[in-house]
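Report on the structure given below.
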Amino acid sequence: MVLRAPGRRREPRRALSPLPARVTREELSAAAAFVPRDSGPGPAGLPDPPGSLASAPLGTLRSGILTGHLGGPWLSGFPRYVWHRSGDTVVEFRLTGRRPGEYTGYELHPSEWPEGLADHAS
């Protein structure tokens, strides 16, 4: 049996959330850092294709922040999730938990896209 605190609700995953008061996208973007995943090269040991996340991950992360594609909960002043959409591709960045503002990223299947992101083309 699992016991939960009464009235405690976890924010739904993959949902756009508003920017907290006194926080600017520009400040968040400047403070964010990208940490590569330890998964090695692309699928089946092949190098990542040109134009993929591997070619400019920090710029892709910062672009997602600047467009406001952010998802909570907020931890140490940063959103747990940042999404970047380019055409039919969405990359999800997630806080690593190592240091505030460090994210790792991976591509999402369209069925995993945050609600409302499909309406926002980058």
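One table, with the values for the structure above:
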quantity	calculated
Cross-chain or 6+ apart pairs with Cβ under 7 Å, segment 26-37 first and in contact (Cβ under 8 Å) with a residue 40 or more places away in the chain and closer than 13 Å to L66 by Cβ, then open to solvent by less than 40 Å² (accessible area, probe 1.4 Å) and not in a loop (DSSP other than H, G, I, E, B)	L28/I65; L28/F78; A32/L61; A32/I65; A32/Y103
Selection within segment 73-98 - under 10 Å from the mean Cα position of the chain (by Cα), over 12 Å from F34 (Cβ atoms) and of a type outside the set (S, T, Y)	P79, R80, W83, V90, E92
Per-region count, segment 92-109, residues open to solvent by less than 90 Å² (accessible area, probe 1.4 Å) and modelled with pLDDT under 90	1
Any hit, segment 60-73, residues being out of contact with any Ser or Thr (no Cβ under 7 Å at 6 or more places or on another chain), of a type outside the set (F, W, Y) and free of Cβ contacts under 8 Å to residues at least 24 places away in the same chain	no
Matching residues in segment 63-88 - criterion: being polar (S, T, N, Q) and surrounded by fewer than 15 Cβ atoms within 10 Å (Cβ to Cβ)	S76, S86
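The values are calculated or read from the model by the stated rules, or taken from the named source; none is laboratory data. All of these numbers come straight from a predicted model, not from anything done at the bench. Please note: Cβ atoms are built from the backbone with ideal geometry, for glycine as well, and neighbour counts cover all protein chains shown. These area figures cover heavy atoms from the full protein model, side chains too; ligands, DNA and RNA do not enter into them. Shrake-Rupley method; radii C 1.70, N 1.55, O 1.52, S 1.80 Å.
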